[in-house]
Amino acid sequence: MSEGALNDALVAVRSAKGRRYWRSLDELVDRADFRHRLKEEFPALARAASGLNRRDLLKCLGGTIALAGLDGCERAPDEEALPYVVQPEGEVPGEARHYASALELDGVAQPIVGETRAARPIKLEGNAAHPSCSGGSTPFMQAALLELYDPDRSGAPLYMGRPTEWARVDRELAQLRMRLDTTGGEGFRLLTGPVGSPTLLGQIEALVGRWPQARWHSWSPVTDRRAEAIESWLGMPAKRVIHLADAEAVVALDDDLLGAGPEQLWHANGWGERRRAYQAGEGAALLLVAEPSPTITGVTAGDRLPVAEARIGALLSGVAARLEITRSFPLNAEEEAWADRAAEKLRNHAGRSLVSVGAHHAPELHKLAFAINEKLGNLGKTERFLQPADALRPEPLQALVEEMRAGEVATLFVLGGNPVYATAGCTGFAEAFARVPLRFHAGLHADETGSRSHWHLPLAHHLECWSDGRGMEGTVAVTQPLVRPWLAVRSRHRLLADLMEDRRSDRELVRATWSDQHDDTAWEQALLVGHIPKTAPAPVASTPTTSTSFALSASEPERGLRLAVRPDPSVWDGSFASNPWLQELPKPLTKLTWGNAVHVSPALAAERGLANGDLVRVRAGIRSITGPIWVLPGQEADTVLVHLGYGRELGRVSQGVGFNAYPLLGEKGEVFLDVLGGREELATTQHHFEMEEDEYVRFVETAAKALPPEPPKANFYPPLKSEPAWGMAIDLDLCIGCNACITGCVAENNIPMVGKEEVAKGREMHWLRVDRYYEGSPENPTHAFQPVPCMHCEDAPCEMGCPVNAAVHSPDGLNLQVYNRCIGTRTCSSYCPYKVRRFNWFDYTGEDAPEMKAVRNPEVTVRSRGVMEKCTYCIQRISKARIEAKKENRPIRDGEVQTACQSACPTQAIVFGDQSDLDTAVSRRKASGRDYDLLPEANTRPRTTYQARIRKGETSE
Amino acid sequence: MTREAQVTREVVRIPERFPAAREWRWMFAFALALLALFFVSVGVLFVRGPGIWGNNIPVDWGFPISNYVWWLGIGHAGTLISAMLLLLGQEWRNALNRFAEAMTLFAVVCAGLYPILHLGRPWRFYWMAPYPNTMDVWPQFKSPLTWDFFAVLTYLIVSVLFWYIGIIPDLASARDRAKKRRWQVFFGLFALGWRGSARHWARWQTSYRLTAAIAVPLVVSVHSEISMLFAAGPIPGWNSTVFPPYFVLGAAFSGFAVVSMLTVWLRAMLGLKDLVQVRHLELLGLLLLVTGLMTAYGYVAEVFNAAYAGKRELTTLQDRLFGAYAWSFWGAILFNFAPLQLMWWKRWRRHPLVLFGVGLSVTIGMWLERYMLLVTSLYRDWLGSSFGYFHATFWDWSLFAGTIGVFLTLFLLFVRFLPVISAFEVTKSIDEEAHG
Amino acid sequence: MADRKNLYAVLAEFDDSARLIEATRSVRESGFTRIDAFTPFPVPGLAEALNFSDRAVPLATLAGGIMGAALGFALQVFTVLDFPLWIGGRPLIAVPAFMLVTFETLVLGAVLSCIGTMLVRNRLPRLNHPMFDADDFGFASRDRFFLAIFPDEAFDRNAVGKALAALHPKAIIDVPGKPKL
């Protein structure tokens, strides 16, 4: 029988209801071609199908393919999407299905593997099969899951703020199309964020091709001037990629390589790989950072210099001068010393070193950095320039604003993003926007821009539509839906296609983009692994066309305070502001949640008599903002740092949280602080950061060194013997404090978010926290991160405290918390030296919206009011593995159980396994000389141990 | 009429012809108001959850537990006074033991309420008791909480019985005197038909003395076990062997303080001046002074131990002395020991108002001490990252006030309807004086 | 005799504990065995005068204590063995930890059996009793002291009357009621 006939049959099944549905399904099962398709789609099921009787087979199918027939909101996986892996032996189909897909952040594809249960996506992990990801993830990738289920997402088109039909939208688009056809696109402007999807680019190309007068503008809230630098240096546009995995000496000037953002995963993977190599004795892993305010990159660096943003140029020139590239500007003693060290390391590791400057800095600086890398022979190795994949180039935002002011824009179509909110005050976009006669906005939320547009068109989330994108190193990742949209939404591709009357489905659109290179089998393979091989652009011949004379503007030491505006590590440019998981995610360095602050240096705070929470007005030029103070050790004395992404007008979650810093974005020159007298309570999860003489985080000098041996501690009781004996090892030398583990844990274990007030009371529920300490002078201290899950102590004090046997030990050495036995005496928490236990002070979960319930992991109990909870070492994953092993009658393999934090970690800092077997990864880690117990004096025999941080980045010192 | 007869009449007639009906009504109204507050607080607690309090991580025990310890401490004086002094043959106790014991009972009731209310799931409190159940699980007998559960329950039962068999003979005489029928029935029932047979007296006396003999170590054990609640946890500032005696002494101290206040008050209100005489006040003053000094020694011992117990204990000590909650430490010192010094002088000991004032101050001081011991250890225990602060909320205070309401209500009912002084024991001692 | 049928006891009333003791002693010496005294408070020496002693209460207390302790300890051992759980790396049967609950059950057992025995041996509670029918008996709970002689086979009201009169009581009272023979 023909493929088409079968498809029709399938459609018939889905459209059918109740008994008719089962009957048609029944018929379906006997069809030869269906069996064939079955084998393709679920090999395991097909195998079972021969053995199983038809009845059981029907049961399985009822759950898997046919949900569409059962519930109205069509929450079923897309019929064309293919399972990620050939499912392992003995796995029951329909229990969990994995799809390779990709998210997109600022035009960069983030390859993921999504796990769906009962056709609901419930967990995302990084897709290690994709060349631009070697495992792990980032908080943004993890939290994208909640974004999908966000109850605030707009579910229907709005016209003038009132809900309307897509049919009406279609009519409107049809009229627009006719107008554009007659005028050739006169006055039509398309505004997007950074576009990474080749398919979308193709569509935009087609659009501009069809209507020559139309223009495409693109903007990014986060200033990136590197592109222009590259163009003027190479004489052609190119994509720049750096490979930290190969860079033994990295000099980052005000460049937050490891920090949150689209590049975080790629860089963290690279850094982790390099650092692990260094630990294994293969070369060095040096990181030298000069920055105005501490970032997790600076904190990770072995050599950090706090320096005003305006001095970066001078500092870079100093480094360049020492490498005989250009003359140097006068530097002070500290800067001289740092430049010496930087230049030395760079030279020592020529060919395997890298200089990088923050993307927001002037093109001249980037060009100088490129020149240094070229001179050192790093080009093509640690720093590579790739052919631009896209012919069409967008025009900048400012041009659009001018046109809008001049009234030349008749129709503005904003495709994604929220420019009214997320554009610098100085651009004056919002005012100009209001003057456009016809305004469309397509986005996930009816946000500031949506509410100011005539038409708001709800967009589909990346997890529910077809698309494609390019990973960091250029390979194309295919985005396939994990679930069908249950809201009346449309994808970006659909909207443009509808505008251009393109009847092809999204899938066909994406498929068409790659039709020339790939036949169907190759395509299905691509869907299975999540990327299209050999699609990375070729490197450009990296010969600079411009002379190597650099017109650096000599930046004479400035007076007064200077402002640094950065995207927020938790909510980025504001696009995640409605995501509670990220709002409540403690920012790496301040542990602030639910809001931003005006960060000042300890020196400035002392001089002005400022304390955390004091309200100040920050004035720059004609604009000003008001926010609470936060004193940040390690910040350059005269720098004032604020984060973007807060102070939203709309949104149940985001409204009224923090202040909006966009008005000050791009302001140059001196800023002024006026103390307003008021105070605002900031919700932080850590109040005390000084380590003093406590050795919570321990250090060794180089990778070769070991910690002084601990004398054996006296103990009445023998150590706990069990097989397996689960244990965890956390390498503090690899931890960069990126918080991916926390978000991963939240997603896996249904951790409730409690809101600002509760966090301020000290009632956050995170099972895993990342403590941050510093030691040394507040001007430039040594910072360190320390992820703290439950220690699963062998001699657990918590268990001694519990009167009802709710806290007990399992035969495989887990410290269990039995929720339904717990009566909430909280003794366990009082007795816990590590304070890792969390208590349900209120009913935190009962009132959740249905969407929020849908996101929950069905394998993890949702805790009720009045019970204690804590890290379980992801016991549900352990038992899953145990069951599999039992079925096959074998021991659990090493690495078979991965805790959520472990699989989320981009640097592989966390290792979990059976420590009774000396040949497991975790045992090897614990055998290292850097292994130590947290709070040894508590003598609790913790199963979670740490590996000391290494101060120096190379042994030859 | 003989002296004996007068005494007995004076005491047992109180319920029938209550001397201070007006004052009593006012006080009872006040007590009922607080009682109402108690029920409101508990209602809100049950509806919304323990989150209405200031508790958090790390300070996950707050008011409920420190108040529990405070109440229970107060609840030790009665038994101590009547049992220990009975064994020591201190006849003067007879003027005080009856209402001291009553005070004990009601304080223990308030104390007992707290651990239950503070639970996350109060409706499951009975899981602490060993009984066969569908889950087949038993209590965890290595936990100090289980010890407490048994200790407090035992203590409640024993003190009720001790108090009750002590009051039976007076109920009998009240019965025999009662004119109104309803009083006769009321007392008659509770007197169990006591008729003062010499044989009954003999057995009664043995059992009363035996119970007393057992009650004394019981009191000590109970508060020692309460102290384990802290001492058994690996928390700097708690994990100390000084705690059991330290807690017991503190308990006696706070208890005697409350007894002194009640004595002065009842004496004035019920006009018992010739039964509760100045020498009784003086002896109470002495007791206060002695136990107070012992408690002070406990403080010193604490500091001494901390100074030798290594870094963390030392840091906790510094936190107590100079930290965010230093006010509770110095407050405890001030209220517990400053006014107490007046008790060195006979004339102040004999002065009812001064005694009352000292009692009040010590009661407050001991509350501050319990608070200090609990909070200052928890809010900065081990990891710098998990330091956190505790701030009591309105509901913390309202529940506390509520339990005071429970206490006052019960005590006022006792004063109103039962013989507040052990008449037969007083007459006995008078009789013995008469026969040298 | 008619009144013999309905005579529960004969009471001699005194207003001083010392004289009651003397009276008791002499009555017993003059051969009356079925006698008792009623006083408003425990009078020292009266039990001796009546030649009364009963070790039941202390013995019961001891037994109850031992019983309670044993049960308490057994309970803890049984429960940990019935559902063995690893707690804080400690041995299942942790004797030091078990001692505290054991002590509490000891106390409970002792006190309950002590007071229980006292009541049982005293035949209490008993709300009605022939004694209560005697005039002025109520004073026994206030300030009067009564000596009671109960009739036996060889009971002679007059002899008894004489013997009591010899003690110069304030009054001699017949208590009506069915005699216990």
- [ ] Working carefully through the options A:LEU438, A:LEU459, find the one that is in the same structural domain as A:GLY417 (by TED's automatic domain parsing), over 29 Å from A:TRP514 (Cα atoms) and either in contact (Cβ under 8 Å) with a residue 60 or more places away in the chain or open to solvent by 10 Å² or more (accessible area, probe 1.4 Å) (or both).
- [x] A:LEU438
- [ ] From the list B:VAL375, B:VAL358, pick out the single residue that is touching a Phe, Trp or Tyr at 6+ places or on another chain (Cβ under 9 Å), within 14 Å of chain A (Cβ to nearest Cβ) and in contact (Cβ under 8 Å) with a residue 40 or more places away in the chain.
- [x] B:VAL375
Task: Neighbours by Cβ (under 6 Å, 6+ apart or cross-chain): first from the stretch B:382-410, within 14 Å of chain A (Cβ to nearest Cβ); second buried (at least 18 other Cβ atoms within 10 Å of the Cβ) and in a helix (DSSP H, G or I) - done: B:PHE390/B:VAL375; B:ALA392/B:PHE63; B:TRP395/B:SER41; B:TRP395/B:ILE52; B:ASP396/B:PHE63
Open item on the list: Out of the residues in the stretch B:142-159 meeting the condition of being within 7 Å of chain A (Cβ to nearest Cβ) and among the polar types (S, T, N, Q), tell me which one is surrounded by the most Cβ atoms within 10 Å (Cβ to Cβ).
Closed with: B:SER143
Open item on the list: As an exercise: evaluate A:ASN373 against (1) in contact with a strand residue (DSSP E or B) (Cβ under 7 Å, 6 or more places away or on another chain); (2) touching a residue at least 40 places away in the same chain (Cβ under 8 Å); (3) of a type outside the set (Asp, Glu); (4) on the phi < 0 side of the Ramachandran plot and give the number of the one condition it does not meet.
Closed with: (2)
TODO: Taking A:GLU692 as the residue in question, decide whether it is in contact with a Leu (Cβ under 6 Å, 6 or more places away or on another chain), outside the structural domain of A:PRO942 (by TED's automatic domain parsing) and among the charged types (D, E, K, R).
DONE: no
Task: All positions within the stretch A:745-781 that are out of contact with any Lys or Arg (no Cβ under 8 Å at 6 or more places or on another chain) and within 17 Å of A:ARG698 (Cβ to Cβ) - done: A:VAL770, A:ASP771, A:TYR773, A:TYR774, A:GLU775, A:GLY776, A:PRO781
Task: Residue in the stretch B:194-245 that is most open to solvent (accessible area, probe 1.4 Å), counting only those that are facing chain C (nearest Cβ under 7 Å) and among the basic types (Lys, Arg) - done: B:ARG199
- [ ] Would you point out the residue of the stretch C:116-125, among those that are within 8 Å of chain B (Cβ to nearest Cβ) and open to solvent by less than 100 Å² (accessible area, probe 1.4 Å), that is farthest from B:THR206 (Cα to Cα)?
- [x] C:PRO125
Open item on the list: I'd like to know if the stretch C:157-171 contains one or more residues that are open to solvent by less than 20 Å² (accessible area, probe 1.4 Å) and part of a loop (DSSP other than H, G, I, E, B).
Closed with: no
- [ ] Say whether the condition of being more than 8 Å from chain B (Cβ to nearest Cβ), surrounded by fewer than 24 Cβ atoms within 10 Å (Cβ to Cβ) and not acidic (Asp, Glu) is met by at least one residue in the stretch A:791-805.
- [x] no
Task: helices (runs of 4 or more DSSP H) completely within the stretch A:188-282 that count 2 or more residues being within 18 Å of the chain's Cα centre (by Cα) - done: A:264-279
- [ ] Pull up the stretch C:126-143, narrow it to residues that are open to solvent by less than 60 Å² (accessible area, probe 1.4 Å) and in a loop (DSSP other than H, G, I, E, B), then point me to the one that is farthest from B:ILE157 (Cα to Cα).
- [x] C:ALA134
Task: Scope the stretch A:894-927; condition out of contact with any strand residue (DSSP E or B) (no Cβ under 6 Å at 6 or more places or on another chain) and either within 14 Å of chain B (Cβ to nearest Cβ) or under 26 Å from A:THR300 (Cα atoms) (or both); matching residues - done: A:GLN898, A:ALA900, A:ALA904, A:CYS905, A:PRO906, A:THR907, A:GLN908, A:SER923, A:ARG924, A:ALA927
Task: Within the stretch C:1-113, helices (runs of 4 or more DSSP H) holding 2 or more residues that are under 24 Å from A:THR827 (Cβ atoms) and away from chain A (no Cβ under 14 Å) - done: C:56-82
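With the structure loaded, tell me whether A:GLY953 is within 29 Å of the chain's Cα centre (by Cα), farther than 30 Å from A:VAL289 by Cα, open to solvent by less than 20 Å² (accessible area, probe 1.4 Å) and more than 14 Å from chain B (Cβ to nearest Cβ) or whether it fails that test.
no
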Task: Residues that are part of a helix (DSSP H, G or I) and open to solvent by less than 10 Å² (accessible area, probe 1.4 Å), drawn from the stretch A:585-622 - done: A:LEU604, A:ALA605
Open item on the list: Condition check: surrounded by fewer than 17 Cβ atoms within 10 Å (Cβ to Cβ), closer than 29 Å to A:ARG168 by Cα and out of contact with any strand residue (DSSP E or B) (no Cβ under 7 Å at 6 or more places or on another chain). Does A:GLY407 satisfy that?
Closed with: yes
Task: Unique residue being over 25 Å from the mean Cα position of the chain (by Cα) and either buried (at least 21 other Cβ atoms within 10 Å of the Cβ) or at pLDDT 90 or above (or both) when the list is C:PHE73, C:PHE14, C:PHE41 - done: C:PHE73
Task: One residue from A:ARG311, A:ARG327 being buried (at least 21 other Cβ atoms within 10 Å of the Cβ) and at pLDDT below 95 - done: A:ARG311
Open item on the list: Out of everything in the stretch A:697-739 that is acidic (Asp, Glu) and assigned to a loop (DSSP other than H, G, I, E, B), what residue ends up being nearest to A:LEU768 (Cα to Cα)?
Closed with: A:ASP733
- [ ] Go through the stretch B:319-373 and count every residue that is touching a helix residue (DSSP H, G or I) at 6+ places or on another chain (Cβ under 6 Å) and small (Gly, Ala, Ser).
- [x] 6
Open item on the list: Suppose we filter the stretch B:73-106 for residues that are surrounded by 22 or more Cβ atoms within 10 Å (Cβ to Cβ), in a loop (DSSP other than H, G, I, E, B) and over 14 Å from the mean Cα position of the chain (by Cα); how many remain?
Closed with: 1
- [ ] Kindly check whether there is at least one residue in the stretch A:686-698 that is more than 19 Å from A:THR593 (Cβ to Cβ), away from chain B (no Cβ under 13 Å) and of a type outside the set (Asp, Glu).
- [x] yes
Open item on the list: Here is a check on your reading of the model: is A:GLY776 more than 11 Å from chain B (Cβ to nearest Cβ), surrounded by fewer than 22 Cβ atoms within 10 Å (Cβ to Cβ) and within 18 Å of A:THR743 (Cβ to Cβ)?
Closed with: no
Open item on the list: If I filter the stretch B:170-193 down to residues being facing another protein chain (nearest Cβ under 9 Å), part of a helix (DSSP H, G or I) and open to solvent by 10 Å² or more (accessible area, probe 1.4 Å), which single residue comes out as nearest to C:GLY138 (Cα to Cα)?
Closed with: B:ASP176
TODO: Could you tell me whether the stretch B:57-67 includes any residue that is closer than 30 Å to A:GLU757 by Cβ, under 14 Å from the mean Cα position of the chain (by Cα) and open to solvent by less than 10 Å² (accessible area, probe 1.4 Å)?
DONE: yes
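The values are calculated or read from the model by the stated rules, or taken from the named source; none is laboratory data. The shown structure was predicted, so the numbers you read here are calculated from the model rather than taken from an experiment. So basically every Cβ, Gly included, is an ideal-geometry build from the backbone, and we count neighbours across all protein chains shown. For the accessible areas, the whole protein counts, side chains as well, though only heavy atoms, and no ligand, DNA or RNA atoms are used. Shrake-Rupley method; radii C 1.70, N 1.55, O 1.52, S 1.80 Å.
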